[in-house]
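Student: This is the structure I want to talk about, given as structure tokens.
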């Protein structure tokens, strides 16, 4: 029996009144209409033309995304509709498909294409424009030697933008064309630590030679490729919100990526993996994670690589990477140290491993620097920012405009 015939026999599903929708969302009734005006909810006139009604499933979906919260002044709530990533019940999904299953089966470029278009392109490969890559390399090469990877990526994006006279074309195909060239440009602009991989290989293989002097093997490349695929998007993280704000103002895709990179560098976001790397490196060197965890707790520092506000149990991204790391022989010591970190901390707090700890196992075991995880994060998440930009370009411009809650002196005040 089809859904349509079922509704025909049972009647349409019940709809919510404005008051019921407001209670479910935890907001005032007037805020419900603000959601409607911003395209976050659809409404229909009630029978007899008295008030509006709302689809119950749609209201519940908005409640899951935004959580129950007090409305901000002037309808400035930042929850808005997206069809890219859903996080619920300790799992996350890309366009409705389990993201961890996608990462186990497909490479980074294939998952990126799925996120951008909703279509899978088996064997998809991204290729940089020769002129754009040359400009990005020259610009990166002019930076001081102590520059970090995110510094290099930021200037590479700027150089790539300057070489693209069509960057202001925000049509779907133009943005995708820019993205497919920009991401390998970012990788190719980073200094090579060993002989680069031959042209035409996967992005993960090209990135490997920028992360370590050690040779690549199939199990290690599988971990790196899976990490890139897993990190593409994670709903409205801080950097993704910045990217969407830029896209809402109709910034071109390079500027959108620059906005995301600016936020990503914060120690509580993309740079968090560096803290986990240093802790795990110390644990391996000392032969035990117990004194390292004790030092963190004694000095009041948070143990890095543990806990995630969106998951009650282990971060599903970490679960996938830990399983793949079992096949990397060089990772045995770092993997054991990571498990000891989790087990030791669990005596004091019910915290589970997050993806930063899994990235640290890879970076510590394969001779990578402390900022390698941040590099992987930035390259990977570029595809997610592009996906959100594509979605935002289809919305009303400048719709992301929260209102400030003024807390200064009330006017009139004397002229200083």
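The values are calculated or read from the model by the stated rules, or taken from the named source; none is laboratory data. From a predicted model like this one, the values you see are computed outputs, not experimental measurements. Neighbour counts are summed over all protein chains in view; Cβ atoms, including those assigned to glycine, are modelled from backbone coordinates with ideal geometry.
Student: Select, from 246, 251, the only residue that is in a helix (DSSP H, G or I) and buried (at least 16 other Cβ atoms within 10 Å of the Cβ).
Tutor: Values: 251 fails: in a helix (DSSP H, G or I).
Exactly one of 246, 251 is in a helix (DSSP H, G or I) and buried (at least 16 other Cβ atoms within 10 Å of the Cβ), namely 246.
Student: Answer with yes or no whether residue 401 is closer than 30 Å to residue 115 by Cβ, in a loop (DSSP other than H, G, I, E, B) and out of contact with any helix residue (DSSP H, G or I) (no Cβ under 8 Å at 6 or more places or on another chain). Write out each step before concluding.
Tutor: Working: closer than 30 Å to residue 115 by Cβ: yes; in a loop (DSSP other than H, G, I, E, B): yes; out of contact with any helix residue (DSSP H, G or I) (no Cβ under 8 Å at 6 or more places or on another chain): yes.
Taking the combined requirement at face value, the residue satisfies it.
Student: Looking at residue 197, is it surrounded by fewer than 16 Cβ atoms within 10 Å (Cβ to Cβ), over 24 Å from the mean Cα position of the chain (by Cα) and not in a helix (DSSP H, G or I)? So that I can check it myself, show each step before the final result.
Tutor: Numbers: surrounded by fewer than 16 Cβ atoms within 10 Å (Cβ to Cβ): no; over 24 Å from the mean Cα position of the chain (by Cα): yes; not in a helix (DSSP H, G or I): yes.
Judged against the criteria, residue 197 is not a match.
Student: Quickly run through region 154-171 and pick out the residues that are in contact (Cβ under 8 Å) with a residue 40 or more places away in the chain and farther than 25 Å from residue 262 by Cβ.
Tutor: none
Student: Would you confirm, using the coordinates I've provided, whether residue 145 is modelled with pLDDT of 95 or more and either over 26 Å from residue 317 (Cα atoms) or crowded, with 19+ Cβ neighbours inside 10 Å (or both)? I'd like the intermediate steps shown before the answer.
Tutor: Values: modelled with pLDDT of 95 or more: no; either over 26 Å from residue 317 (Cα atoms) or crowded, with 19+ Cβ neighbours inside 10 Å (or both): yes.
In short, no.
Student: With respect to residue 140, is the statement that it is over 27 Å from residue 172 (Cα atoms), at pLDDT 95 or above and surrounded by 14 or more Cβ atoms within 10 Å (Cβ to Cβ) true? Walk me through how you get there before you give the answer.
Tutor: Details: over 27 Å from residue 172 (Cα atoms): yes; at pLDDT 95 or above: yes; surrounded by 14 or more Cβ atoms within 10 Å (Cβ to Cβ): yes.
For residue 140, the condition - over 27 Å from residue 172 (Cα atoms), at pLDDT 95 or above and surrounded by 14 or more Cβ atoms within 10 Å (Cβ to Cβ) - is met.
Student: Here is a follow-up. Say whether the condition of being surrounded by fewer than 23 Cβ atoms within 10 Å (Cβ to Cβ), more than 23 Å from residue 310 (Cβ to Cβ) and in the same structural domain as residue 169 (by TED's automatic domain parsing) is met by at least one residue in region 257-280.
Tutor: Yes, region 257-280 contains at least one residue that is surrounded by fewer than 23 Cβ atoms within 10 Å (Cβ to Cβ), more than 23 Å from residue 310 (Cβ to Cβ) and in the same structural domain as residue 169 (by TED's automatic domain parsing).
Student: Does residue 407 satisfy being in a loop (DSSP other than H, G, I, E, B) and either in contact with a helix residue (DSSP H, G or I) (Cβ under 6 Å, 6 or more places away or on another chain) or not assigned by TED's automatic domain parsing to the domain that holds residue 224 (or both)? Before the answer, list the steps.
Tutor: Values: in a loop (DSSP other than H, G, I, E, B): yes; either in contact with a helix residue (DSSP H, G or I) (Cβ under 6 Å, 6 or more places away or on another chain) or not assigned by TED's automatic domain parsing to the domain that holds residue 224 (or both): yes.
Yes, satisfied.
Student: Mind checking which residues of region 128-153 are under 13 Å from residue 187 (Cα atoms) and touching a residue at least 40 places away in the same chain (Cβ under 8 Å)?
Tutor: The answer is 128, 129, 132, 133, 136, 137, 140, 149, 150, 153.
Student: Just to be sure before I move on: is residue 151 part of a loop (DSSP other than H, G, I, E, B), assigned by TED's automatic domain parsing to the domain that holds residue 250 and in contact with a helix residue (DSSP H, G or I) (Cβ under 9 Å, 6 or more places away or on another chain) in the structure I sent?
Tutor: On the way: part of a loop (DSSP other than H, G, I, E, B): no; assigned by TED's automatic domain parsing to the domain that holds residue 250: yes; in contact with a helix residue (DSSP H, G or I) (Cβ under 9 Å, 6 or more places away or on another chain): yes.
Spelling it out, it is not the case that residue 151 is part of a loop (DSSP other than H, G, I, E, B), assigned by TED's automatic domain parsing to the domain that holds residue 250 and in contact with a helix residue (DSSP H, G or I) (Cβ under 9 Å, 6 or more places away or on another chain).
Student: Being touching a residue at least 60 places away in the same chain (Cβ under 8 Å), closer than 15 Å to residue 207 by Cα and not in a loop (DSSP other than H, G, I, E, B) is the filter here; which residues of region 175-192 pass it?
Tutor: Answer for region 175-192, where residues must be touching a residue at least 60 places away in the same chain (Cβ under 8 Å), closer than 15 Å to residue 207 by Cα and not in a loop (DSSP other than H, G, I, E, B): 182, 183, 186, 187, 188.
Student: Restricting to region 200-221, and then to whatever is without any contact (Cβ under 8 Å) to a residue 60 or more places away in the chain and not in a loop (DSSP other than H, G, I, E, B), can you tell me which residue is surrounded by the most Cβ atoms within 10 Å (Cβ to Cβ)?
Tutor: Out of the qualifying residues, it is 208.
Student: Starting from region 274-294, keep only residues that are touching a residue at least 24 places away in the same chain (Cβ under 8 Å), then list their pairs with residues that are assigned to a helix (DSSP H, G or I) and loosely packed, with under 15 Cβ neighbours inside 10 Å whose Cβ atoms are within a distance under 7 Å, requiring at least 6 positions of separation or different chains.
Tutor: 292/286
Student: What is the one condition in (1) at pLDDT below 95; (2) in the same structural domain as residue 212 (by TED's automatic domain parsing) that residue 399 does not satisfy?
Tutor: That leaves (2) as the condition not met.
Student: Okay, moving on. With the requirement that a residue be within 16 Å of the chain's Cα centre (by Cα) and closer than 15 Å to residue 178 by Cα, what does region 254-264 give you? Working first, answer last.
Tutor: Of the residues in region 254-264, the ones within 16 Å of the chain's Cα centre (by Cα) are 256-264.
Within region 254-264, 256, 257, 258 qualify.
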